[in-house]
Amino acid sequence: MEKNNSVVYEEKKNFNADEDEFSSKGQSLWKAVWIRLKRNKAAMLGLYMLLVLIFCSIFANVIAPYGPDDQLLSRRFIPPSSAHIFGTDNLGRDIFSRVLYGSRISLLVGFVSVSISAAVGTLLGAISGFYGGNTDNIIMRFIDIMMAIPRILLAISIAATLGQGLTNVMIAVGIGSIPGYARIVRASILSVKEQEYVEAAKAIGTSDSRIILKHILPNCMAPIIVQATMSVATSILSASSLSFIGLGVQPPTPEWGSMLSAGRAYIRDQWYIVTFPGLAIMYTIFSINLFGDGLRDALDPRLKN
């Protein structure tokens, strides 16, 4: 009995030593990823563009020359000028100020909806991949049903059911992105759960939840991070689409999609009303995609020396 206990103790000690070594290797891995990312000029350009956007959204109340809802009918339809660099809309509101404040809404929707989809999708994928069997079949058939519906159509259906509003938009867009995370995490866990360190954790009596959270998911973070980064752009575009058709953020809240919807009636004569919100969406999607592509290349294990 004492011999068996000593064997278990020695195995546990060796496992803890391997775990510490793996932790140090993980830190050096992320350092190498950052070095490869810095070498990618396009990715760094996207990162700097994204940081500028985040800075403008945080300090919109300082940068904006006017309030987002300040109306003055005597200054309706003023084209871009020194006083209003993006012009004014049909209610005399400064478009530049509304675009700045709109960046807060779009970034909030993007990050919160991705957090929702990543959390739920990772949980479902982890349970499905780790336990397998009937649990895997039930979860993945549900995911297959969700994937059979186009993401934007699923988001429209959920938003129409929940109703209008910022919170409902984030929930609708987040639910529509769950299948992607679930399938990515499941595939990653299937390739990781048979590794020796996982078997060692099971041998010393580690609980399933601790094995998943501490030993398996950290090794699946690379594809999750890439998926989350790329999904922010898709979520912002989906939220703007919902607002454009009247199912998302409602006026007078300055949101880029609703600004496009309100300005489309004046697109022939007052082009600037829709041009600058559209450029803001394009700038955001472009910067996130540049950074996401570079991050994917930096995390690609085939690029290791």
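Quick look at the values:
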quantity: Criterion (at pLDDT 90 or above, under 22 Å from Thr229 (Cβ atoms) and either surrounded by 14 or more Cβ atoms within 10 Å (Cβ to Cβ) or not acidic (Asp, Glu) (or both)) met by exactly one of Gly87, Gly125, Gly67; calculated: Gly125
quantity: Total residues in the stretch 78-122, condition assigned to a loop (DSSP other than H, G, I, E, B) and of a type in the set (D, E, K, R); calculated: 2
quantity: Which listed residue, of Val62, Val33, is at pLDDT 55 or above, surrounded by 14 or more Cβ atoms within 10 Å (Cβ to Cβ), out of contact with any Phe, Trp or Tyr (no Cβ under 9 Å at 6 or more places or on another chain) and not acidic (Asp, Glu); calculated: Val33
quantity: Failed item, numbered, when Gly125 is tested on (1) more than 23 Å from Ser240 (Cβ to Cβ); (2) out of contact with any Lys or Arg (no Cβ under 6 Å at 6 or more places or on another chain); (3) part of a helix (DSSP H, G or I); calculated: (2)
quantity: Residue ranges of helices (runs of 4 or more DSSP H) in the stretch 209-305 with at least 3 members in contact (Cβ under 8 Å) with a residue 40 or more places away in the chain and β-branched (Val, Ile, Thr); calculated: 221-244, 272-299
quantity: Answer residue from the stretch 92-112, given it is aliphatic (A, V, I, L, M) and touching an Asp or Glu at 6+ places or on another chain (Cβ under 9 Å) and is farthest from Thr234 (Cα to Cα) among those; calculated: Ile95
quantity: Selection within the stretch 43-88 - touching a residue at least 24 places away in the same chain (Cβ under 8 Å), hydrophobic (A, V, I, L, M, F, W, C) and under 19 Å from Tyr272 (Cα atoms); calculated: Ala64, Phe77, Phe86
quantity: Filter result for Phe77 (modelled with pLDDT under 95, surrounded by fewer than 19 Cβ atoms within 10 Å (Cβ to Cβ), under 29 Å from the mean Cα position of the chain (by Cα) and under 24 Å from Trp256 (Cβ atoms)); calculated: no
quantity: Residue within the stretch 260-273 that is surrounded by fewer than 21 Cβ atoms within 10 Å (Cβ to Cβ) and farther than 30 Å from Gly165 by Cα present; calculated: yes
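Conditions (1) under 22 Å from the mean Cα position of the chain (by Cα); (2) under 17 Å from Ser115 (Cα atoms), marked per residue:
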site: Gly205; (1), (2): no, no
site: Leu217; (1), (2): yes, yes
site: Thr234; (1), (2): yes, yes
site: Ser241; (1), (2): yes, no
site: Leu247; (1), (2): yes, no
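The values are calculated or read from the model by the stated rules, or taken from the named source; none is laboratory data. Quick caveat: nothing in here was measured; it's all calculated off a predicted structure. In this analysis, Cβ positions are derived from the backbone assuming ideal geometry, glycine residues included, and neighbour counts consider all displayed protein chains.
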